[in-house]
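Novice: Pasting in a structure now, in structure tokens, and then I'll have a few things to ask.
The values are calculated or read from the model by the stated rules, or taken from the named source; none is laboratory data. Because the structure is predicted, anything quoted here is derived from the model rather than measured. Neighbour counts run over all protein chains shown; Cβ positions are idealised from the backbone, glycine included.
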Amino acid sequence: MAKLLIVDDEADVREFAANFFRKRKIEVTTAASGEEALGVLEKLAPDLVLLDIKMGGIDGCETLKRIRALNNNAKVIMVTGKKPEDDASFETCKNLGAFDYIHKPLELDELEKVVMAQLAKSKK
């Protein structure tokens, strides 16, 4: 079973996405902060991480940098409320190896397409 880690400081976003993917037979773990995500990552080794860019505490870019230090092969998709071209943070994350991005508010079709495509690649 594929393992997905969803990191977002908004509880409703985390639970919405988690429930959506659990219905698709994906094992989902959530984290409310970058710090919590790093602890989960060490124990869980998920196939994919959905990581919000704008969070309290350490933001998504710094979390991604620390994820890379722990596991340089981790697949990470950034979640942002801004268009990538309007957010310098996204370019930073891309340079750190983010695979893709998903725009908030989350659209189920886009969310499913992007996440399922990355999970399929990780199974090869």
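Novice: Residues of the stretch 102-123 being assigned to a helix (DSSP H, G or I), at pLDDT below 85 and loosely packed, with under 13 Cβ neighbours inside 10 Å, which ones?
Specialist: Across the stretch 102-123, the qualifying residue is only K121.
Novice: Any idea how many residues of the stretch 13-23 are at pLDDT below 95 and either among the aromatic types (F, W, Y) or farther than 21 Å from G57 by Cβ (or both)?
Specialist: Number of matching residues: 1.
Novice: What is the one condition in (1) more than 21 Å from F16 (Cβ to Cβ); (2) out of contact with any Cys (no Cβ under 9 Å at 6 or more places or on another chain) that S89 does not satisfy?
Specialist: Going through the list (1) more than 21 Å from F16 (Cβ to Cβ); (2) out of contact with any Cys (no Cβ under 9 Å at 6 or more places or on another chain), S89 breaks only (2).
Novice: Going by the structure shown, is E36 acidic (D, E) and modelled with pLDDT under 95?
Specialist: no
Novice: I'm trying to understand the selection: among the residues of the stretch 29-54, which are more than 23 Å from E112 (Cβ to Cβ) and in contact with a Ser or Thr (Cβ under 6 Å, 6 or more places away or on another chain)?
Specialist: Passing the criteria: only G34.
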